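> My questions will all concern the structure given below.
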Amino acid sequence: MEAVLLYVVGVLVVVVGLAVSIGLHELGHLWPAKRFGVRVGQWMIGFGPTLFSKRFGETEYGVKAIPLGGYISMSGMFPPREPGGESRDASTGFFDTLVQDARDVSADSIHDGEEERSFWRLATWKRIVIMLGGPLMNLLLATVLYAIVLCGFGIAVPSTTVASVSECVIAASEERTECAPGDPLAPAAQAGLEPGDTIVAVGGEPATGWAEVQQAIRELAGRPTELVVERDGQERTLEITPLATERYVFDERGEQVEVDGRPLTETVGFIGVGPQYEIQQQPATAVLPAVGDNVVRVGELILNLPQRLVDVATAAFGPGERDPNGPMSVVGVGRMAGEIATLDQVPIVERVSAMVQLLASLNVALFVFNLIPLMPLDGGHILGAIVDAVRRGWARLRGRVAAPLDTAKWVPVTLVVTGVLGVMSALLIYADIVKPISLFGG
């Protein structure tokens, strides 16, 4: 029963965290919009029927039933039709009608005598600031959460203390994990290294961290060397010869490198030890690089999204397994949060840290995704403002006055993008139900 309650708590943390993230995203739009004088009719978390709302001044604040996003409604999002343009009605075709309906809704949102408070009338930089405000709020929130994780809770890092000693050496190309007769003894076991020993020096060089120990061992393949360890408060010198062995090659992101579809291997020194991990608080300088790495990972995922979605569909409707680094829906994130909350063998502080980091990553995803230059995403509106500025600037160079860019004509793109996002969400939700990505590999 306790595990169920913890699971529910984990899911609720993500639901509430997502709602707060969406609300702050929309606040990032709302605050500059009001500062620039734009009339904002609504600030909403979610879509569909309104669950509850409250009006403060001219703006209605509320929560809707479908928690898959949020929005603010600003007065005059689209410029009116050019003077002399033909009127549009249902007889001119679906997309023409859609465009005109968007213009009509935009015009209806402008109150009498408040034409100057329209969004489309703002200077280009003001429109960009308003639309950037939402994603930047998510980036700021992600940075704060990463600071809490790295500088407050700390992260698990390998120490120079030995946690495990292998009995034998098994080639990386072997599928088995247990020793068999004829396997060579692991150099660490042969030299007398024991769990709990702290490595002090390798080959006469001080061991300042596990990375230095690992690198020294890799470079000393086949060469006898001295290994100084501390055991029971005393230093001991062991003679050890790192064994030249085959190991897979991994890139900087920890992903396996392949050549012609086969894993790439290299020959390195190996002694057969694993480090103990300890929680260490990181300096403030580690926060921005961590956020940047996450931004890059999300960007790469989005660039490869079509293929990633094909892989998700193949796994969801076939016997294959999901890529643990692939996209997932809110359902998948909630499931992962529930699993984190139920890890009773992990200290509560580490579980809280993992939940905070999950929310930080979620905000990075919101930041990057909303910058895609397609309507209805913020990036689409930013692109419209930039294109409008370029058109007007080019017209001025030629001594002309250009009409405002009719971004209402981009509304059909909004319909298509919304449809694609709906299909993508449905696929990911289905996959997260029938073939979820699990912390436990199942």
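The values are calculated or read from the model by the stated rules, or taken from the named source; none is laboratory data. Since the structure is predicted, the reported quantities are computational estimates derived from the model, not experimental observations. Neighbour counts run over all protein chains shown; Cβ positions are idealised from the backbone, glycine included. Areas reflect the complete protein model, heavy atoms only, side chains present, ligands, DNA and RNA absent. Shrake-Rupley method; radii C 1.70, N 1.55, O 1.52, S 1.80 Å.
> Can you go through A385, A389 and tell me which one is surrounded by fewer than 20 Cβ atoms within 10 Å (Cβ to Cβ), in contact with a Ser or Thr (Cβ under 7 Å, 6 or more places away or on another chain) and at pLDDT 90 or above?
Details: A385 fails: surrounded by fewer than 20 Cβ atoms within 10 Å (Cβ to Cβ).
One residue alone meets the criteria, A389.
> Which residue pairs have Cβ atoms under 6 Å apart, sit 6 or more places apart or on different chains, and have a first residue in region 391-420 that is under 24 Å from A107 (Cβ atoms) and a second that is charged (D, E, K, R) and open to solvent by less than 30 Å² (accessible area, probe 1.4 Å)?
Close Cβ pairs satisfying both conditions: L405/D388; A408/R103.
> Does D432 qualify as being charged (D, E, K, R) and farther than 24 Å from G318 by Cβ? Break it down into steps so the answer makes sense when it comes.
Working: charged (D, E, K, R): yes; farther than 24 Å from G318 by Cβ: no.
For D432, the condition - charged (D, E, K, R) and farther than 24 Å from G318 by Cβ - is not met.
> Does region 6-24 contain at least one residue that is open to solvent by 50 Å² or more (accessible area, probe 1.4 Å) and farther than 17 Å from V356 by Cα? Talk me through it step by step, then tell me what you get.
So in region 6-24, the residues open to solvent by 50 Å² or more (accessible area, probe 1.4 Å) come out as 6-9, 12-13, 15-16, 20, 24.
With farther than 17 Å from V356 by Cα added as a condition, the list becomes none.
No, there is no match, as no residue in region 6-24 is open to solvent by 50 Å² or more (accessible area, probe 1.4 Å) and farther than 17 Å from V356 by Cα.
> So, one more: Is there a residue in region 149-163 that is more than 28 Å from T265 (Cβ to Cβ) and open to solvent by 50 Å² or more (accessible area, probe 1.4 Å)?
Let us first name the residues in region 149-163 that are more than 28 Å from T265 (Cβ to Cβ), namely 149-155, 161.
Applying the additional criterion that residues be open to solvent by 50 Å² or more (accessible area, probe 1.4 Å) yields 153, 155.
Yes, that holds for at least one residue.
> Taking G274 and the conditions (1) closer than 21 Å to S166 by Cβ; (2) modelled with pLDDT of 85 or more; (3) of a type outside the set (A, V, I, L, M); (4) in a loop (DSSP other than H, G, I, E, B), which numbered condition does it fall short on, given that it satisfies the others?
(4) is the only condition that G274 fails.
> Here is a further query. Residues in region 332-342: is at least one under 30 Å from G222 (Cβ atoms), polar (S, T, N, Q) and either surrounded by 14 or more Cβ atoms within 10 Å (Cβ to Cβ) or in contact with an Asp or Glu (Cβ under 8 Å, 6 or more places away or on another chain) (or both)?
The first filter runs over region 332-342 and keeps only residues under 30 Å from G222 (Cβ atoms), leaving none.
No: zero hits.
> Okay, next question. Is it the case that P283 is open to solvent by 60 Å² or more (accessible area, probe 1.4 Å), under 29 Å from I155 (Cα atoms), within 40 Å of the chain's Cα centre (by Cα) and in contact (Cβ under 8 Å) with a residue 40 or more places away in the chain?
Values: open to solvent by 60 Å² or more (accessible area, probe 1.4 Å): yes; under 29 Å from I155 (Cα atoms): yes; within 40 Å of the chain's Cα centre (by Cα): yes; in contact (Cβ under 8 Å) with a residue 40 or more places away in the chain: yes.
Answer is yes for this residue.
> Condition first: surrounded by 16 or more Cβ atoms within 10 Å (Cβ to Cβ) and part of a helix (DSSP H, G or I). Now tell me which residues in region 392-408 satisfy that.
Taking region 392-408 first, the residues surrounded by 16 or more Cβ atoms within 10 Å (Cβ to Cβ) are 392, 405-408.
Those that are surrounded by 16 or more Cβ atoms within 10 Å (Cβ to Cβ) and part of a helix (DSSP H, G or I): R392, T407, A408.
> Out of everything in region 176-211 that is surrounded by 14 or more Cβ atoms within 10 Å (Cβ to Cβ) and assigned to a helix (DSSP H, G or I), what residue ends up being nearest to the chain's Cα centre (by Cα)?
Here the answer is W210.
> Can you tell me which residue within region 46-63, out of those that are open to solvent by less than 60 Å² (accessible area, probe 1.4 Å) and under 25 Å from the mean Cα position of the chain (by Cα), is nearest to G133 (Cα to Cα)?
G46
> Further question: If the Cβ limit is 6 Å and pairs must be 6+ apart or interchain, which residue in region 223-236 that is closer than 14 Å to T160 by Cα pairs with which residue that is open to solvent by 70 Å² or more (accessible area, probe 1.4 Å) and acidic (D, E)?
V228/E235
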